[in-house]
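Notes follow the structure.
All of the numbers you see were taken from the coordinates with simple rules; none came from a lab. Since the model is a prediction, treat every value here as computed from it, not as a measurement. Quick reminder, even Gly has a Cβ in these numbers, built from the backbone with ideal geometry, and neighbours come from all protein chains shown.
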Amino acid sequence: MNNGKVWLVGAGPGDIGLLTKKAIEVIEQADFIAYDALVGEEILCMLPEKVEKVSVGKRSGKHSVPQEETNQILLKEALKGKKVVRLKGGDPFVFGRGGEELELLAEHGVPFEVVPGITSAVAVPAYAGIPVTHRDYTSSFHVITGHPRKDGQDRTDYESLVRMNATLVFLMSIRAMGHVMEKLMQAGMDPDMPAAVLEQGTRYCQRKVVSTVSRLEEDSKKAKIQTPAIIVVGKVCALSEEFSWYEKRELAGRQIVVTRARNKASRLTKELRDAGAEVLEIPMIDTTPISPEQVDLSELLAESEEREVWLTFTSPTGVETFFGTTLAGKKTDLRRILRAGVDLKFAVIGEATAKELERYGWMADLMPEVYNGKELGKALVQTAGKDAVVYLLRAKEGSEELKEELDAGNIQYRDVAIYETLCRENSPLADIITEKIENGQIDRVTFTSASTVRGFVQTMKDMDFTKVPALCIGEQTAREAEKYHMQIEISDQATIAGMVKKLKELCKAQEER
Ligand code: SAH
C-alpha cells in the first residue's frame, strides 16, 4: 500500500570520515531524518537541505525527546510512506536503544534495515592512540555501561571483569566514574592499573586524560571532563602517548567553516580535513547557469575574418557553464567560429580555471601572475591586439575592476553573463554557527569570493560580524569582508592551495605565541 521504510543508521563517533558509504547513500535518498545529539557537526552539515529533519537529541541532563516519542515519530513518518532515516551516534545497537526503536516498527509490519556504524567504544580509543587489544597486554575487550539502571541498581559483575584481565571500555559512565573505579578496586583490581577518560573522541575538540584506576576521577575532575566521554581501563592505556597521532597533524584541533557553493567546496574541504581540521561546510551561495536561450552569443558566433577573439573566464564555474550549459544548450561548439577564420584565444584568471579549460580540451593563452580581475585586465591590455575583442564569460554582476582595466586600455569587450551567484536566504545551521563564532570556537571562516562574504552576511543576519575570523582568498574578497569589520587575513596566493597554506601558517603562528 505505501512504501514507507525505516533505516536505522550508525553515524559513527563524530569524524565525518567515519561515516560509512552505505550510510551516505541512505541519507541521500531520505525523506525524513531523525538524528540525535551525538551525531557530529560535520555530519549535520552534510544532511540534505531540503529534507525534513528533527533532532531527538539525548544528552545526559539536557532536555530531549523521550524514547517512546522517538519510536512513535519513526512509525508515524514511515506510515506516511516516507523513507525515514534514524541517525544515531556510533553504532545503533551499541547502547543505542536501537532495538527498542525497531520493536514498534516490527509490531506494525513497517519494513526496516540496519546500517551499522563505527562505535565510539573502539574508534575513540583508536583516535587517542589506544588499541583496545594488544597481544602483549590483553586478549579481549569488553564494552560496559556504568550508567545505573532505572532502579539505581548496578548489576555489573565487577569480579568477573577484573578476573579476565581485559581492556574495559565504559560508555555513559562519566557521572558514575567514582563508583565504577571503586567497584573495580573492591573486586581486586590493582589501583595503579592504567586508565583513561576520552572526551569528544574523533572530533577536533577531543581531549584525553590518562591516569590510573585510583586517580582517574580526581584527574578527570581537574581537567573538567564532560560527557560525551568514554572510560578505558587496562594496560593498553599506557600506550596512548607513544601511539598518539591525532593531535600531530598540522590543523589538528581546528574547526573551520567553508562557505563556497556545495559542489565547489569539496577540494578545500578535503585538503583541510587531510591536514586534521574539522570542517563545517555551510554553502552561502549557489551558482545557477543562466538558461542558454537567455544568453546572447549571436555576436560571438558571427565573428569572422581573422579577428582576434579572446574568450575570458574568471572562474572554473564559468568554463564549466560555458561549455557544459551555454554552448551545449545552443547545440553548437567553437568550430563554428574557427571555420569562419577567427583567431581564437583563451584568457583565464588563474590555475584552477586553466585546469577546467584543459578538461574541455583547450589550453589557456594568458593567465596573470596574480590571480584577480584587475591583473587579468592588465594582462589582456598588454597582450591583446588593437582590433581584438574580449568576451567576458562570467557571472552576472562580475567585478568592475576587470572592465575598468579594459576601458583604460581601450580594449573592446562584451560582458556576457552566463551564470548567477545567488545568496542563501537562510541556513539550517545558522544559529549553531553564530553561537560558535561569537564564543570564539571557530578558528577560521574561509571566503573564496566576495559573493561568499555577501552570502554569509545575509544568512547570518543577526551576528556580530566583528567576531568573524575571516580568511579571504584575495584583496577583492577582503574588501567585501572589511565592510563588516571582520578580523581579516588574506591568502598570499589566490588559490585553494594558497588558502590551505595560509591557514597552516596562521595556526602555527598562533601555537608559537
Ligand atoms: N551507540 C553509541 C553509544 C551510545 S551511548 C556508539 O556506538 O558509540 C552514549 C555514550 O557513548 C556516551 O555517553 C559516551 O560514553 C559514548 N560516546 C559516544 N560518542 C562519543 C565520542 N565521540 N567521544 C567519547 N565518547 C563517546
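Please work out whether the chain counts as rounded, prolate or oblate from its C-alpha gyration tensor, where a ≥ b ≥ c are the square roots of the eigenvalues and a/c under 1.5 means rounded, while otherwise a/b larger than b/c means prolate and anything else oblate?
Prolate, because a/c is 1.5 or more and a/b exceeds b/c.
Let me know the shape class of the range 5-118, please: from the alpha-carbon gyration tensor, a ≥ b ≥ c as square roots of the eigenvalues, rounded when a/c is under 1.5, otherwise prolate if a/b is greater than b/c, or oblate. It is rounded, given that a/c, with a ≥ b ≥ c, falls under 1.5.
By the count of other C-beta atoms within 10 Å, a proxy for reagent exposure, LEU168, LEU297 are ordered fewest to most as LEU297, LEU168.
Straight-line reach from LYS224: which aspartates and glutamates have a Cα under 14 Å away, not including same-chain ones fewer than 8 places off? Cα-Cα hits under 14 Å: GLU199. The residue list ALA196, ALA430, GLY474 was ranked by how far each Cα lies along the charge dipole of the chain toward its positive end, using unit charges on Cβ atoms, and ALA196 comes out on top. Extension gain, ALA187 to MET363, is 55.9 nm, computed as 0.36 nm per intervening residue step minus the present C-alpha separation. Taking each residue as 0.36 nm, the span from GLU247 to LYS504 lengthens on full extension beyond its C-alpha to C-alpha distance by 91.1 nm. Counting only DSSP beta bridges with both residues in the chain, what percent are antiparallel, rounded to the nearest 5? So the antiparallel bridges in the chain amount to around 25 percent. Distance between the pseudo-spin-label points of HIS179 and MET164 (7 Å out from Cα toward the beta carbon): 2.1 nm.
So which of LYS21/LYS76; LYS50/LYS83; LYS270/LYS396; LYS53/LYS80 end up more than 21 Å apart, counting from Cα to Cα?
LYS21/LYS76; LYS270/LYS396
Positive-end ranking of PHE447, MET185, PHE323 along the dipole of the chain, with charges on Cβ about the Cα centre, is headed by MET185. Under a point spin-label approximation (7 Å from Cα along Cα-to-Cβ), what is the GLN487-ALA340 distance to one decimal in nm? Going by the 7 Å Cα→Cβ label model, 5.5 nm. Descending by average beta-carbon neighbour count within 10 Å, the peptides 463-469, 497-503 line up as 497-503, 463-469, the highest first. Here the range 157-199 is scanned for amide nitrogen atoms under 12 Å from the site 7 Å beyond the Cα of SER64 along Cα-to-Cβ, giving 172-173. Report the calculated FRET efficiency for LEU79 and THR383 (r = Cβ-Cβ distance, R0 = 60 Å), to the nearest 0.05. Working from the Cβ atoms, E equals 0.35. With respect to the chain, whose longest principal axis is taken over its alpha-carbon atoms, helix 98-107 is tilted by about 90°.
Taking a straight line from the alpha carbon of LYS483, these aspartates and glutamates sit under 17 Å away, with near neighbours fewer than eight places off in the same chain left out: ASP462, ASP464, GLU475. Where both bridge residues fall in the range 304-420, DSSP classifies roughly 0% of the beta bridges as antiparallel. Taking 0.36 nm per residue of separation and subtracting the current Cα-Cα distance, fully stretching the chain between THR20 and LYS355 would add 117.5 nm.
Electrostatic tally near ALA196: other residues with Cβ closer than 11 Å to its Cβ, Lys and Arg +1, Asp and Glu -1, net -1.
Highest-first packing order for the peptide set 5-15, 186-196 is 5-15, 186-196, based on the mean count of other beta carbon atoms within 10 Å.
For the chain, the relative contact order works out to 11 percent when only alpha carbon pairs closer than 8 Å and six or more residues apart are counted. Packing here is the average count of other Cβ atoms within 10 Å per residue, and on that basis the peptides 290-296, 160-166, highest first, run 160-166, 290-296.
Converting phi to 3J(HN,Hα) with the Karplus coefficients 6.51, -1.76 and 1.60 and the offset θ = phi - 60°, the range 137-151 yields 10, 7, 10, 8, 9, 10, 10, 10, 10, x, 5, x, 5, 4, 7 Hz in sequence order, with x at every glycine or proline.
Per residue of the chain, the DSSP helices (runs of n ≥ 4 H) give a summed -39500 (n - 2.57) that works out to -9500 deg cm²/dmol at 222 nm. Would the range 306-411 count as rounded, prolate or oblate if I go by the C-alpha gyration tensor, calling it rounded below 1.5 in a/c and otherwise prolate when a/b exceeds b/c, oblate otherwise? Oblate, because a/c is 1.5 or more while a/b does not exceed b/c. Set the Förster distance to 56 Å, then compute FRET efficiency between LYS436 and GLU305 from the Cβ-Cβ distance, nearest 0.05. Step by step, r from the Cβ atoms, then E = 0.40. Quick one: angle between helix 177-186 and the longest Cα principal axis of the chain, in degrees between 0 and 90, rounded to 10, please. It is inclined by approximately 40 degrees.
Charges were assigned to the Cβ only: +1 to each Lys and Arg, -1 to each Asp and Glu. The resulting dipole of the range 5-118 about its Cα centre is roughly 120 debye. Measuring between their Cα centroids, the range 307-378 and the range 488-513 lie 30 Å from each other. The antiparallel fraction among DSSP beta bridges confined to the range 122-247 stands at about 75%.
The charge dipole of the range 179-323, taken about its Cα centre with unit charges on the Cβ atoms of Lys, Arg (+1), Asp and Glu (-1) only, comes to about 1120 debye.
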